[in-house]
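Undergrad: Here it is, the structure in full.
The values are calculated or read from the model by the stated rules, or taken from the named source; none is laboratory data. Not measured: the values here are computed from a predicted model. Neighbour counts are summed over all protein chains in view; Cβ atoms, including those assigned to glycine, are modelled from backbone coordinates with ideal geometry. Keep in mind that these areas ignore ligands, DNA and RNA; they rest on the heavy atoms of the full protein, side chains included. Shrake-Rupley method; radii C 1.70, N 1.55, O 1.52, S 1.80 Å.
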Amino acid sequence: MTRAFIAAFLFFAAPAIAQDVIVVTGDRRGEARVETVLPITFISRDAIIETGSQHPAELVNRTPGAFINRGNGVEHLTAIRSPVLTGGAGAGSFLYLEDGIPLRAAGFANVNGLFEALGGLTGSVEIVRGPGPALYGSNALHGLINYRTPGPATLPPTLELEAGSLGRVRGHALWSATSENLQWLAGLAGQHEEGWRAEAGLDRLEALLRAQGSTPRLDWRFTLAAISLNQETAGYIRGPRAYENLSLSRSNPDPEGFRDAYTVRAALRLEADLDGPWHGSLTPYARSNAMDFRMHFLPSEALEESGHDSIGLQAALVRQAASGRLTLGADIERTQGYLTETQERPTVFSFVQGEHYDYTVRADVAALYAQARWSLSPAWTLHAGARWEATRFDYDNHLPANTVGRYLRPPDRTDDFAVLTPHAGLVWQLADNRAVFARLARGSRAPQTAELYRLQPGQDISGIEPEVLDNAEIGYRRGFAGGGRLELVAFAMRKTNVFFRDADGFNVTDGATRHHGIEFDLDWPLTQRLDVALAGSWAEHSYDFDRVVGNASELIRAGNRIDSAPEWLWNARLDWQATDRLRAGLEWVHVGGYFTDAANANDYDGHDLLNLRLRWSANDRVTLIGTIRNLADIRYAERADFAFGSARYFPGEERAVSIGLRITR
């Protein structure tokens, strides 16, 4: 006991260091991570390079409390301080950003939203757990992920190529140049997979152009990004522990599935110092995206075609003073979106042949916000803010307003939603790089347009309200000599007006859930050549209401655990600089067991995986890369679910090896 006490005392009282990472998601201006009131994870460009991720899950799952279920190709389902959410909840509960601008418009989110984020061209990633600050609106509910484009001055020209098992080839090229008044960067990345499952290939391209400069009175930054995706999709395999059968795991019961999509987005950020202590910024932006998707998981195998185009403006005034910082802002956005669903197959049960849906939606969003940070004393800082946001959907139905089979097409209508989301917190600075922080925050999301207008008989949306999540958290963070850091956070949340579709196919608009847990994040340099990192969480996610349905396995009772919600998540990494040229990293990924249905009658045991990464520097410019994923060749499930009377799984990949080459100028 005495030794444990001494070790704990040394761990928490060891000399702190003054330096820390600067993060921008909390206020868009930049602040030291130890000074922010947000529980935030920062993934640097170096960490992105070291990981060599083939899927966003490999990066995001290094965050405490984050759990992305990986599908084939770029498909995924996300959890951040939440169960793994699907449908409209999975699309609308997390906000995905690029340089602080949403990748998609509110109301038009995609459950696989990270496929539109830059991969190999990303500069860094910041992940906020829990509701976002006042700068961000609808969908910043359980968390947000901000992909930051790289600054031209921070990256040398780079070429990286990699090939490996399962027919995988990926690579990217970056070129940058700087002058006195202009800096620019251009990048191109590509990814090809034959697919480890039958008829589940992938081709993905991404391009980035970033230019920035300054004049005597104005700083500006322009970004243009484009992504193209062509993917064949594999469905669930069925049967008890079916993922343990390798031949079954490699099969694809839905070979006709596909997803073809593109997205283009552009933004121009203008910043200037105004009179006195004020600083102003304007960011006009535009986005366009479209996707064709074969709904292979339904008997209809219908073709869904959807997309939307947006223009928007972020405007802010910032007053910097010795006592703190005040930010006043306004956001406006207009979006025109569409969706069609058509069944070519002959009628099957209530899945009727022909047009199911054909509608357009014009969405207008306007928001005002204020956010401030006040130094109450040299040790105490108060953070507070609030955002008011109004959303209007004008829905225009292009088919007869009636019921055809299982499809209800509502008549033209207009829906309005308004929310107020405040937050307040305190940071107690114990030392230069040591702090305690506490925060109360509310997050909210307007319904997704597909939840409102893609209905089935008997469904009624007249009483639907925005989902609201109230969050309380307290945490401790510090830095250590040599570059290490620690963060501990405890949280409790309650969500109301939970909207989802139950097992009988009816909309539930008044659900409620509870979430509480502890998160742990540690980076620790054991020696000059050996580093350890550990990110983990324990959490319970439970229903807080009752719902009786015809399917006994989906019967909801208050206190039941929410399905697809592991209690324990761990990610541990041991990095060894074996020689001046050779670096090796061993990663352990633990996913605890979880229930696979709402009644808690079926479950999945969880799994443990090992990944090995090697880097050998031939010289200052050339690096050889080797990675072995699933080193022990474990049979596991990326996602386990119980539906339609049987267990079903997204099987996890077998052992895979890749080898690459990285050249920098």
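Undergrad: Putting +1 on Lys and Arg Cβ atoms and -1 on Asp and Glu Cβ atoms, find which of 236, 200, 428 reaches farthest to the positive end of the dipole of the chain.
TA: Value: 428.
Undergrad: Sort 608-620, 159-171 by the packing proxy (mean of other Cβ within 10 Å over each peptide's residues), most packed first.
TA: Going by the mean number of other Cβ atoms within 10 Å, highest first, we get 159-171, 608-620.
Undergrad: For Cα extents along the principal axes in Å, pick the label among [x] 98, 59, 56; [y] 68, 58, 57; [z] 71, 68, 51 that corresponds to the value derived from the coordinates.
TA: [y]
Undergrad: Carbon and sulfur atoms: what percent of the 1.4 Å accessible area of segment 528-646 do they account for?
TA: Carbon plus sulfur share of accessible area: 55 percent.
Undergrad: What is the magnitude of the charge dipole of the chain about its Cα centre, with +1 placed on the Cβ of each Lys and Arg, -1 on the Cβ of each Asp and Glu, and no other charges, expressed in debye to the nearest 20?
TA: Its charge dipole is roughly 1720 debye.
Undergrad: Residues of segment 55-129: accessible area per residue at 1.4 Å, in Å²?
TA: For segment 55-129, the per-residue accessible area is 13 Å².
Undergrad: Net charge within 12 Å of residue 578 by Cβ-Cβ distance, Lys/Arg positive one each and Asp/Glu negative one each, not counting residue 578 itself?
TA: That works out to +2.
Undergrad: With labels modelled as points extended 7 Å from the Cα through the Cβ direction, what inter-label distance (nm, one decimal) is found for residue 418 paired with residue 256?
TA: 4.8
Undergrad: Which FRET efficiency, nearest 0.05, do residue 194 and residue 50 yield, Cβ-Cβ r, R0 30 Å?
TA: 0.70
Undergrad: So with the 1.4 Å probe, I'd like the accessible area per residue for segment 309-462, rounded to whole Å².
TA: Result: 45 Å² per residue.
Undergrad: Given labels modelled 7 Å from the Cα in the Cβ direction, how far is it in nm from residue 224 to residue 579?
TA: 4.6
Undergrad: Can you check what the net charge comes to around residue 467, using other residues whose Cβ is under 10 Å from the Cβ of residue 467 (Lys, Arg +1; Asp, Glu -1)?
TA: Result for the neighbourhood of residue 467: +1.
Undergrad: In addition: Where in segment 335-349 is the amide nitrogen less than 18 Å from a point lying 7 Å along the Cα-to-Cβ axis of residue 311?
TA: Inside the label zone: 335-338.
Undergrad: Right, here's the next one. Take the solvent-accessible surface of the protein heavy atoms, probe 1.4 Å, and return the percent of it on segment 100-243 that carbon and sulfur atoms account for.
TA: Percent of accessible area from carbon and sulfur atoms in segment 100-243: 59.
Undergrad: Place a +1 charge on the Cβ of each Lys and Arg in segment 147-270 and a -1 charge on the Cβ of each Asp and Glu, then give the dipole magnitude about the Cα centre in debye, rounded to the nearest 20.
TA: 500
Undergrad: In what sequence, highest mean first, do 103-111, 30-38, 490-498 appear when ranked by Cβ atoms within 10 angstrom?
TA: 103-111, 30-38, 490-498
Undergrad: Here's a follow-up. Considering only 382, 167, 660, whose Cα is most displaced toward the positive end of the charge dipole of the chain, charges sitting on Cβ of Lys, Arg (+1) and Asp, Glu (-1)?
TA: The residue sitting most towards the positive pole is 382.
Undergrad: Further question on the same structure: So if R0 is 41 Å, what FRET efficiency would residue 603 and residue 163 give, r being the distance between their Cβ atoms, rounded to the nearest 0.05?
TA: Efficiency computed from Cβ-Cβ geometry: 0.60.
Undergrad: For labels at residue 153 and residue 590 in the simple 7 Å Cα→Cβ model, what's the distance in nm?
TA: 4.4
Undergrad: Let's test the formula: R0 of 51 Å, r as the Cβ-Cβ distance of residue 375 and residue 336. What FRET efficiency results, to the nearest 0.05?
TA: According to the calculation, E is roughly 0.70.
Undergrad: Turning to a different aspect of this structure: Highest mean first, how do 251-263, 517-529, 274-286 rank when packing is the count of other Cβ atoms within 10 Å averaged over residues?
TA: Highest mean packing first, the order is 251-263, 517-529, 274-286.
Undergrad: Over segment 176-233, give the accessible area per residue in Å² for a 1.4 Å probe, as an integer.
TA: I get 50 Å² per residue for this part.
Undergrad: Using 0.36 nm per residue, how much length does the chain from residue 241 to residue 436 gain when fully extended, once their Cα-Cα distance is taken away?
TA: That works out to 65.7 nm of additional length.
Undergrad: Over segment 274-347, what is the relative contact order in whole percent, taking alpha-carbon pairs under 8 Å and six or more residues apart?
TA: So the answer I get is 34 percent.
Undergrad: Right, here's the next one. Taking only C-alpha pairs under 8 Å that are 6+ residues apart, what is the relative contact order of the chain in percent?
TA: About 11 percent, as a whole number.
Undergrad: Quick one: compute the contact order of segment 57-146, relative version, from alpha carbon pairs under 8 angstrom and 6+ residues apart, as a percent.
TA: About 28 percent, as a whole number.
Undergrad: When the accessible area of segment 276-386 is split by element with a 1.4 Å probe, what percent falls to carbon and sulfur?
TA: Within segment 276-386, the accessible surface is 64 percent carbon and sulfur.
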